[in-house]
Amino acid sequence: MKTIYETKATATGGRNGKVSTEDGILNLEVRMPNSMGGNGGNYTNPEQLFAAGYAACFDSALQFVARSQKLRIESQVTATVGLQSSETEGITLVAALEADIQGVDREVAQQLLEKAHATCPYSRAIHHNVNVSVTLK
């Protein structure tokens, strides 16, 4: 396989520390949210960062699939990412994607959504490991 892009990020201090990329573009403090027993505040957390990346990647996959079918669409993808706890599995990541697709009828939009989910690198990476729901708005 040929690598087409690679980046590097470093975390120090875990959920109450700092994350940065090697080029310095991303340089953020992260804090555990209140709901997990942290102090929260005006900081991001790993789940927000994952949600942002997943939404952007999935929207790109959606646009790619539409272009490959010579379709013009306008789309917006919202990713909701959370953590769930169970006695049997411990803490697990869950995700929900909601896509608003304009420019095609609902049946075609649903087909594009399903093909994007099969194509998106994030979706493929977490397939069978994370419970992901994908819905058309």
What are the residues in the range 54-76 that are in a helix (DSSP H, G or I) and over 13 Å from Thr119 (Cβ atoms), if any?
Tyr54, Ala55, Ala56
Do we find that Val81 is under 18 Å from Met36 (Cα atoms) and either of a type in the set (Phe, Trp, Tyr) or part of a strand (DSSP E or B) (or both) in this structure?
yes
What's the number of the condition Ala52 fails, among (1) over 24 Å from Glu98 (Cα atoms); (2) surrounded by fewer than 15 Cβ atoms within 10 Å (Cβ to Cβ)?
(1)
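If we keep just the residues of the range 17-37 that are touching an Asp or Glu at 6+ places or on another chain (Cβ under 9 Å) and at pLDDT 95 or above, which is surrounded by the fewest Cβ atoms within 10 Å (Cβ to Cβ)?
Of the residues in the range 17-37, the ones touching an Asp or Glu at 6+ places or on another chain (Cβ under 9 Å) are 17-19, 33.
Filter again for at pLDDT 95 or above, leaving 17-19.
Details: Gly17: 12, Lys18: 14, Val19: 18.
Restricting to residues being touching an Asp or Glu at 6+ places or on another chain (Cβ under 9 Å) and at pLDDT 95 or above, the top hit is Gly17.
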Among (1) in contact with an Asp or Glu (Cβ under 7 Å, 6 or more places away or on another chain); (2) surrounded by 14 or more Cβ atoms within 10 Å (Cβ to Cβ); (3) within 22 Å of Thr119 (Cα to Cα), there is one condition Tyr43 misses while meeting the rest; what is its number?
(3)
Within the bounds of the range 103-118, is there any residue that is of a type outside the set (Ser, Thr, Tyr) and in a strand (DSSP E or B)?
no
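The values are calculated or read from the model by the stated rules, or taken from the named source; none is laboratory data. Just so it is clear, the model here is predicted, and its values are computed rather than measured. Please note: Cβ atoms are built from the backbone with ideal geometry, for glycine as well, and neighbour counts cover all protein chains shown.
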